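> Below are the structure tokens for one structure; questions will follow.
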Amino acid sequence: MNSSISICVQTVSTCVPTGANRQRFVCGKVTKQHNGRLTPGRKGNLTGSARKLKDNAADWHNFILKWERLNDEGSATATKIVNLVLSKEPMKEMNLLAGADTDQSVTPPVGADTLKSVKDLEEECTKLQEIVEKMAHIVSKIEKIVSSEKGICDLETFQFGAKGRDCPLFLTWPTSEFVDVSTRLCKCYRQELALKQLILRELAHTSDPQLSMVYLSSWLYQPYLDDQTKLLLESLLLETGHRTL
């Protein structure tokens, strides 16, 4: 059986757009016949479930770009916090030595440099907290994507039965695959957020240089976001036409 294939190529930007501009983001749309039927949404503007799934993929891309920018900002801020904490340790030792030779009831005077160091530390901790809160907001939006895709899958089960629709909305994935990929990605980002929240709580109270380095490395390299996570995202973008082979 001959397959009819039509390809439409438009100029695209390097970042997946959001909102109304997202409708103009088209990469190599292909129309193929499956068992004599055209794959839905391959010509013109997408509608219905196909439109929603493609928009969700664009949202995934943009949320992860925002996450990575916040991760870089947080890494720089966390490094400043560690430097400030470690720089306070020699001051504590000097105060203890000075207090040993004087009346214990007299508190050693606090210098201007010490006050400034404490103020700087508080400011950096506040910055890091704001960054983590923004990351938590991203995770909450990601969870909404998963919820919406589960709704789409439930709708198709109601419309077409347990086997789903006869042909895929895009290239090869059944609708349930979008739910599976989004759920797995969401789990990874939830775990990474929990790690960052732990680092936020402990970093300013850690005077052990080695433990501080572990916290900094964990923040920067994000152990829960491995190559498999990146592959899942790229597969999602490829399936929905946001990436081309």
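The values are calculated or read from the model by the stated rules, or taken from the named source; none is laboratory data. Remember, it's a predicted structure, so these values are computed and weren't measured experimentally. Methodologically, a virtual Cβ is constructed for each residue, glycine included, from the backbone with ideal geometry; neighbour enumeration extends over all protein chains shown. Ligands, DNA and RNA are stripped out before the accessible areas are found, and what is left, the full protein with its side chains, is counted by its heavy atoms. Shrake-Rupley method; radii C 1.70, N 1.55, O 1.52, S 1.80 Å.
> Can you give the accessible area of Thr79 in Å² (nearest 10), computed on protein heavy atoms with a 1.4 Å probe?
60
> If you rank Ser176, Ser75 by how much accessible surface each has, with a 1.4 Å probe, what is the order from largest down? Intermediate results must be reported in sequence, preceding the final value.
Values: Ser176 60, Ser75 20 Å².
In descending accessible area the options line up as Ser176, Ser75.
> Of the cross-linked pairs Lys80/Lys196; Lys54/Lys230; Lys66/Lys187; Lys119/Lys196; Lys144/Lys187; Lys88/Lys134, which ones have a Cα-Cα span greater than 20 Å in the structure shown?
Violating the 20 Å limit, Cα to Cα: Lys119/Lys196; Lys88/Lys134.
> With Cβ to Cβ distances under 12 Å as the rule, what net charge do the other residues near Gln159 carry (K, R +1; D, E -1)?
-1
> Tell me the accessible surface of Lys52 in square angstrom (1.4 angstrom probe, heavy atoms of protein chains only), to the nearest ten.
90
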